[in-house]
Amino acid sequence: MSQDLKKELRKLWNWINKCNDCKPSYEPKPKPKPLLLFNSRPEVMIVSERPSLRKDTIWCGLDRIPKFEKVLQPLLARKCYLTNVVKCPAPSGMNKINKHRLSKCYQWIKQELQIVRPKKIIALGYWAGFWLTLNHIEHYFLPHPSWILRFKRDSLWQYVRQLKREILDN
């Protein structure tokens with residue numbers, strides 16, 4: 001089953017990579033690829049805001065957390081599908097998300113939800129939560145990891161525990 005799921009997601013991402021809907025506003029950068037490491041249907045979909053310019057895979061900003069490789073990466077790889085509401089990383093200086101960019105990517109996230117059919121959706125960050133709420137999709141909200149690292153660093157491990165609890169509690 002997971003091979004069929006991975007095949008469907010790869011096919012969708014081939015279409016996503018060909019998308020030029022944002023081209024009139026700016027020259028899109030290459031889109032990061034999702035990690036398809038799961039062995040069975042992922043129970044949890046983690047939806048973040050937008051891809052990083054510095055990464056070629058999607059980690060939803062969670063890779064910035066200290067000791068990420070030990071603390072979160074194995075759990076995420078085994079149980080989760082990670083994606084972003086906006087698929088293109090914007091060029092430097094244009095990394096603001098807006099309703100226009102969200103509307104351009106609406107079709108892609110909708111198809112991902114139909115393919116993965118997760119039991120639980122976790123939104124990381126304002127725009128991910130905004131999009132899911134706007135489309136009446138039930139989800140659990142957490143702040144984006146970069147916000148926690150910037151403004152609430154003292155509560156970082158509480159955040160990690162909360163995220164792990166939400167991933168494991170289906």
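Quick notes
- Net lengthening on full extension, GLN107/ARG161 (0.36 nm per residue, minus Cα-Cα): 16.2 nm
- At full extension, GLU69 and ARG41 could sit 7.9 nm farther apart than now, given 0.36 nm per residue minus the alpha carbon distance.
- Listed residue (HIS100, ASN135, GLY61) projecting farthest to the positive dipole end of the chain, Cβ model: GLY61
- Relative contact order of the chain, pairs being alpha-carbon contacts under 8 Å that are 6 or more residues apart, as %: 26
- Shape call, segment 64-170: gyration tensor on alpha carbons, a/c limit 1.5: oblate
- LYS152-GLN3 FRET efficiency (beta carbon distance; Förster radius 45 Å; 0.05 resolution): 0.65
- Over 26 Å apart at the Cα level, from the set LYS33/LYS164; LYS31/LYS152; LYS119/LYS152; LYS6/LYS119, are LYS31/LYS152; LYS119/LYS152.
- Most mobile listed residue (VAL71, VAL86, VAL116) in the chain, GNM with C-alpha springs under 10 Å: VAL71
- In the context of the full set of protein chains, residues of the chain present 56 Å² of accessible surface per residue (probe radius 1.4 Å, heavy atoms only).
- Electrostatic dipole magnitude of the chain [Cβ: Lys, Arg +1; Asp, Glu -1; Cα centre; debye, to 20]: 260
The values are calculated or read from the model by the stated rules, or taken from the named source; none is laboratory data. Bear in mind that the values here come from a model prediction, so they are computed numbers and not experimental data. Methodologically, a virtual Cβ is constructed for each residue, glycine included, from the backbone with ideal geometry; neighbour enumeration extends over all protein chains shown. Protein only, heavy atoms only, side chains kept; ligands, DNA and RNA dropped before computing areas. Shrake-Rupley method; radii C 1.70, N 1.55, O 1.52, S 1.80 Å.
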